[in-house]
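Structure first, commentary second.
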Amino acid sequence: MSQKIQAIRGMEDVLPDASPLWEKLEDACREVCGHYGYRSIRTPMVEPTALFVRGIGEATDIVEKEMYVFDDRNGDSMALRPEATAGIVRAAIEHSFLYNGPMRVWTMGPMFRYERPQKGRQRQFHQFDVEALGFEGPDVDAEQIVLLARLWKAVGIEGAELHVNSIGDAADRKAYRGKLIAHFEKHADVLDEDAKRRLHVNPLRLLDSKHQPMQPVIEAAPRLLDHLGDAAAEHFEGLKVLLDAAGISYVVNPRLVRGLDYYNRTVFEWVSSSIGAQSTIAGGGRYDGLFEQLGGKATPACGFGMGMERVVLTMQASNVTAGAGVDVFVVHSGEGADLAAWKLAEGWRDAGKRVVLGSGGSFKSQMKKADASGARYAAIIGDDEVASRSVTLKPLRVAGEQKKLSAEAALREMG
């Protein structure tokens with residue numbers, strides 16, 4: 001007997017019973033983005049490997065350990081996208097779509113990283129990504145943070161905590177870098193292998209290490225926030241003023257960093273304590289240097305990525321529910337009932353109702369299916385209804401008596 005084929009480890013199916021919560025989240029993402037003037041963009045899932053090597057950096061876990069890389073039939077190195085920002089910036093440069101001015105865009109879809117699968121972290125995961133390209137003030141940084149706060153409200157998430165920080169400009173980090181290296185060199189005995197390797201290449205990444213023996217050393221490290229230049233400090237103060245004006249509470253977290261040179265100034269994360277170790281549900285910041293790094297003109301930009309699996313887990317932890325969205329399940333049995341039910345279902349769909357047509361069998365078995373479907377009503381068609389050209393409408397989710405009505409009256413009854 002042939003071996004059963006199963007899904008690849010870390011690449012999970014989303015089955016129909018789980019889909020309504022995903023659809024609620026996806027619909028909310030589109031709706032909230034529309035309120036802020038962000039437009040949809042779709043980029044390929046496969047890009048040249050060089051895009052991510054240049055855009056993310058060679059001395060990163062993503063490039064060194066996690067990317068799915070392969071050679072195509074021409075021998076060119078390709079990669080499944082591990083994140084969305086680099087592809088969007090590549091598209092902006094390639095198509096010159098900022099020629100007429102700044103642009104706000106969003107996308108959502110699957111990303112791929114070869115990681116150890118665990119709750120909230122899969123090898124194929126889905127990301128909602130928002131980018132504001134060509135904007136340099138703190139107002140767009142604040143806008144994206146508030147957009148996420150509005151999204152949490154829309155999907156019923158409570159208790160998410162906002163962490164913000166500034167990592168300054170390149171000159172600020174250059175001056176700070178030497179102090180950070182000197183600090184960690186004094187404690188070389190507690191550094192793990194990754195930290196030792198990155199110390200002189202990407203020392204900021206040591207600040208977000210999870211290696212337990214390093215934590216006291218990280219806590220004692222000099223703070224980049226204390227070494228900001230005037231421009232970066234003013235930008236950060238402007239961000240805080242706008243967040244305060246919007247009523248958004250936040251924690252200034254000086255250990256929140258990005259290890260890549262093109263990131264600058266604002267960095268932020270939304271975290272939830274309800275989903276375990278993988279607590280970051282969205283994170284982003286300003287990356288004014290990425291366009292030049294990918295061969296474009298200097299262009300300010302800010303964006304964030306949101307892990308959709310983690311947000312769905314957070315919604316579940318918050319007891320958020322989402323019905324299947326069925327208005328009416330049509331139950332039918334008897335001579336002529338099949339055709340009458342078919343016509344009724346199509347007519348109600350024309351009127352905008354979501355209708356499931358039963359597949360026959362006894363009234364009892366069909367009513368069980370109607371209840372399991374999550375429909376608000378069951379519409380029953382038997383011999384009597386066929387003869388009188390009527391339908392019996394039975395409420396399934398609210399109190400009320402079943403009524404025999406015309407198709408038009410039943411449609412009005414459903415609201």
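Taken together, the values in this text are just the output of simple stated rules run on the coordinates, not laboratory data. Computed from a predicted structure; not experimentally measured. Glycine gets a Cβ as well: all are built from the backbone with ideal geometry, and neighbour counts include every protein chain shown.
Quick notes on this one:
- Its Cα centre serving as origin, the chain has a Cβ charge dipole (Lys and Arg +1, Asp and Glu -1) of approximately 660 debye.
- Only helical runs count toward this figure. For the chain, summing -39,500 (n - 2.57) over DSSP H runs of n ≥ 4 and dividing by all residues gives -11000 deg cm²/dmol at 222 nm.
- Counting only lysines at least 8 places from residue 343 when in the same chain, those with an alpha carbon closer than 16 Å to its own are 353.
- The GluC sites (Glu not before Pro) of the range 1-110 that meet both conditions, a loop assignment by DSSP and at most 16 other Cβ atoms within 10 Å of the site Cβ, are 12, 58.
- Estimated inter-spin distance, residue 399 and residue 65, nm [label 7 Å along Cα→Cβ]: 5.9 nm
- Qualifying trypsin sites (Lys or Arg not before Pro) for the range 204-238 [loop in DSSP, other Cβ within 10 Å: at most 16]: 210, 223
- Over the range 328-414, volume per residue of the alpha carbon convex hull, in Å³: 82 Å³
- GNM top mover of 330, 130, 252 - the chain, alpha-carbon springs below 10 Å: 330
- Nearby lysines by direct alpha-carbon distance to residue 196 (threshold 28 angstrom, same-chain neighbours under 8 apart not counted): 65, 174, 179, 186, 210
- Reference-scaled alpha-carbon Rg (2.2 N^0.38 Å with N residues) for the range 25-99: 1.31
- Put simply, the amide H of residue 83, placed in the peptide plane, has neighbours under 5 Å in 112, leaving out anything fewer than 5 places away on its chain.
- For the chain, relative contact order (Cα pairs under 8 Å, six or more residues apart, normalised by length) works out to 15 percent.
- Debye intensity ratio I(q)/I(0), log10, the range 107-234, q values 0.15, 0.17, 0.20, 0.22 Å⁻¹ (C-alpha model): -1.06, -1.19, -1.21, -1.20
- Per-bin percent of Cα-Cα distances, the chain [10 Å]: 4, 18, 24, 21, 13, 10, 7, 3, 0, 0
- Estimated vicinal HN-Hα couplings, Hz - the range 337-353 in sequence order (Karplus 6.51, -1.76, 1.60; Gly, Pro = x): 6, 4, 5, 4, 5, 4, 5, 4, 4, 5, x, 5, 5, 4, 7, x, 8
- Paramagnetic label zone (point 7 Å from Cα along Cα-to-C-beta, residue 208; backbone N under 12 Å) in the range 118-145: none
- Rel. contact order, % - alpha carbon contacts under 8 angstrom, at least six apart, the range 68-134: 32 percent
- Ellipsoid semi-axes in whole angstrom, largest first, where each is sqrt(5λ) of the Cα gyration tensor of the range 251-335: 43, 20, 8
- Normalised by the number of residues in the range 328-414, the mean separation of alpha-carbon contacts (under 8 Å, six or more apart) gives a relative contact order of 30 percent.
- Between 363, 291, 128, the residue with the greatest mean-square fluctuation in the GNM of the chain (Cα pairs under 10 Å linked by springs) is 363.
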